[in-house]
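Single-structure report; data block below.
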Amino acid sequence: MIQPLKIAVIGATGRTGSRVAALAATDPRFQLVARVDRARAEEFEDEAGAVRVAVDFTTPESCVRFAAACARRKTAFVTGTTGLTVVQRAQLAAAAKKVPVFAAPNFSRGMTLTLHLAAEAARRLPGYDAAIVETHHKGKKDAPSGTALRLAQAVREGRADDAAVPTASLRLADVVGEHALTFAGFDESLTLAHRAESRDAFARGALEAALWTVGKKPGLYDMLDMMGLR
């Protein structure tokens with residue numbers, strides 16, 4: 001009989017973290033060992049040693065502290081925290097030299113495929129203008145969203161240049177997450193759009209990422225790796 005995966009959820013009282021914890025608690029593939037508040041980085045190190053993977057939805061400052069704790073305890077780390085600075089991304093990469101770290105701004109399979117298609121569209125539509133509109137709930141602090149930034153990166157990768165992709169950010173009511181990338185030519189336009197109906201799309205994806213990450217070699221992974229799109 002396969003033993004359930006021992007997991008800790010960090011930021012378990014937040015919008016997405018609470019859904020990760022709730023789904024893990026009712027899924028026989030997981031044993032939810034700890035629900036961790038984002039402020040408990042110091043206490044977390046002992047708990048990190050008792051689980052095989054930690055899933056983080058907190059703040060950039062908390063994320064890198066928890067990642068470092070997991071690296072010291074040889075525990076896999078999965079994070080959906082966005083808004084990391086260049087320095088914080090480097091700190092996350094440092095943790096990934098010791099343990100597998102899965103970092104994704106969006107754990108939706110549909111959004112991941114959209115990123116893949118965005119790079120391909122940018123490659124196939126030279127000369128078309130590209131722009132992004134993203135909409136989230138009023139409580140979201142970072143703008144543009146991490147997913148919007150990743151979409152813009154996909155466009156740049158497809159075009160093999162560093163040109164900026166204009167992005168508009170809207171914060172409306174309790175919108176979970178909507179992203180639209182438009183390529184506009186003189187006689188036509190193409191829009192790639194994704195809408196999350198529920199945070200469970202992200203929560204389920206994060207749990208699948210946790211299962212996938214455990215047992216991997218140290219390194220920095222994302223949804224494109226998990227879906228075989230890289």
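Every number in this text was worked out from the coordinates using simple rules, so none of it is lab data. Computed from a predicted structure; not experimentally measured. Cβ coordinates were reconstructed from backbone atoms using ideal geometry, including for glycine residues, and neighbour counts include every protein chain displayed.
Here are the numbers for this structure:
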read-out	value
Gap separating the Cα centres of the range 38-63 and the range 148-178, nearest whole Å	29
Antiparallel %, DSSP beta bridges [both residues in the range 109-196], to 5	75
Normalised contact order of the range 1-127, rounded percent, pairs of Cα under 8 Å and 6 or more residues apart	20
Percentage, to the nearest whole number, of Cα pairs in the range 6-94 over 21 Å apart	22
Antiparallel bridge percentage (DSSP; both residues within the chain; nearest 5)	40
Local net charge near A163, Cβ-Cβ under 13 Å (Lys/Arg +1, Asp/Glu -1)	-2
Fraction in percent of alpha-carbon pairs per bin - 10 Å, the range 91-203	14, 42, 32, 12, 1, 0
Proximal lysines to K97, defined as alpha-carbon separation beneath 18 angstrom and excluding residues fewer than eight positions away on the same chain	K74, K216, K217
Separation of the K216 and D37 label points, Cα + 7 Å toward Cβ, nm	3.1
Total formal charge among the other residues, if their Cβ is under 14 angstrom from that of G139, Lys/Arg +1 and Asp/Glu -1	+4
